[in-house]
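Following: one structure in structure tokens, then a few remarks.
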Amino acid sequence: MTTPRIAVAPNKRIDDYVKSVQQSGGEPVVLDTSTARAADVVRDVDGLLLTGGGDVDPRLYGEERHPSVYGLVPDRDALELELVVRGLEHEVPMLCICRGMQVLNVALGGTLVQDILSAVPQALNHTDPDPPHKISHDVLLAPGARLTQLLRPDAGERPTYAVNSRHHQALKHVASSLVVTATAPDGVIEAVERPESAFCLAVQWHPENFWRTGEFRALFDALIEAASTRRRG
Ligand code: MN
């Protein structure tokens, strides 16, 4: 059987994403935002990994820009929003991380909290960057969610999981086709999935930073497994 090809959106620290895909048996194909076309990508790969990065332009979900918004890259927004739409249309398995989860939600009609500190009373510190794999807070997992089956298959009624955190934005209005699968103790949404897709999972934290120790390996294993199943099918 050939190795499933996973398109990986660009990121300044791409190494951990690449390692995570390779470790689970996938072949990472890192996209070049300036040349990639969504239609070609969706045709050429077996799975999608949307990565972290700067903020999605608030105009894309109908809001004025908050002063804290940074790192807008219009080409990247356009490419990734189209990758989500076309990817779901063609049932391409996708794992969406941090910015990727925000892209997924906006592509499906949702909106974002532009700045957690300004918008969420008594918010935890969600911007806790060093080292990248530093555990920052717990999340409460939704019973029955695919995410929960992968991370805590033997958990009881209120399964929790310890995660890292480096995001100043979060999901606000959740797109109607997504369900929330994890929340932080302050109510910030930390994961969603799309039940009608064979594999469409999104997390607000950074599982790729744990490839050395394996806490989130099940997420990448499941992406690669779904990608290889789709190719066979
Ligand atoms: Mn967080």
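Rule-based calculations on the coordinates, nothing more; no lab input. Small disclaimer: the values here were computed from a predicted structure and weren't measured. FYI the Cβ positions are ideal-geometry reconstructions off the backbone, even for glycines, and counts take in every protein chain you see.
Identification of helices (runs of 4 or more DSSP H) wholly contained in region 1-107 with 3 or more residues that are of a type in the set (A, V, I, L, M) yields 38-44, 74-89, 99-107.
Keeping to region 200-218, report how many residues are more than 16 Å from the ligand (Cβ to nearest atom), of a type outside the set (Gly, Ala, Ser) and over 19 Å from Gly110 (Cα atoms).
4
Would you confirm whether or not region 134-144 contains a residue that is surrounded by fewer than 22 Cβ atoms within 10 Å (Cβ to Cβ), away from the ligand (no atom under 14 Å from the Cβ) and in contact (Cβ under 8 Å) with a residue 12 or more places away in the chain? Yes; the residues of region 134-144 include at least one that is surrounded by fewer than 22 Cβ atoms within 10 Å (Cβ to Cβ), away from the ligand (no atom under 14 Å from the Cβ) and in contact (Cβ under 8 Å) with a residue 12 or more places away in the chain. Counting only residues that are within 15 Å of the ligand (Cβ to nearest atom) and not hydroxyl-bearing (Ser, Thr, Tyr), region 145-183 holds 13 of them.
Check region 77-86 and report whether any residue there is more than 19 Å from Gln204 (Cα to Cα) and crowded, with 22+ Cβ neighbours inside 10 Å. Yes, region 77-86 has at least one match.
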